[in-house]
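The values are calculated or read from the model by the stated rules, or taken from the named source; none is laboratory data. What you see is a predicted model; the values in this text were computed from it and never measured. Quick reminder, even Gly has a Cβ in these numbers, built from the backbone with ideal geometry, and neighbours come from all protein chains shown.
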Amino acid sequence: MVGERRRWIEIDAFLWDYSDGSNVDHIALHGVTPNDVEEVSENQPHFFDARPGYEGYVMLGPNRRGRYLYVAMFEIGTQVSGR
């Protein structure tokens, strides 16, 4: 499911794409909004490497309403994007 645990990953910003077929559309299929993901990042989440064969990271944690999310992310330059 996930790779090695990371102590901390600093996220400067998420890059949200609102066009058709975008990362925003993908998370909406799971009933998740960009705001939910950003809340998780602000609530002391756990970070892991993506599972072998995949790039990026996984962020696990609750949003402000207590819903736990599993967020696959990858780095773009110095920024991380939800996917």
Practice problem: Please identify the pairs in which a residue from the stretch 18-42 that is farther than 16 Å from Tyr70 by Cβ has its Cβ atom under 8 Å from the Cβ atom of a residue that is loosely packed, with under 12 Cβ neighbours inside 10 Å and of a type outside the set (Val, Ile, Thr), counting only partners at least 6 apart or on another chain. | Solution: Val24/Tyr18
Practice problem: Tell me which of these Leu69 doesn't satisfy, since it passes every other one: (1) of a type outside the set (Lys, Arg); (2) over 15 Å from Trp8 (Cβ atoms); (3) exposed (fewer than 13 other Cβ atoms within 10 Å of the Cβ). | Solution: (3)
Quiz item: Pick from the stretch 43-53 the residues that are in contact (Cβ under 8 Å) with a residue 12 or more places away in the chain and part of a loop (DSSP other than H, G, I, E, B): which of them is surrounded by the most Cβ atoms within 10 Å (Cβ to Cβ)?
Solution: Pro45
Quiz prompt | Residue that is at pLDDT 90 or above and within 18 Å of Arg7 (Cα to Cα), where the choices are Asn63, Asn35, Asn43 | solution = Asn43
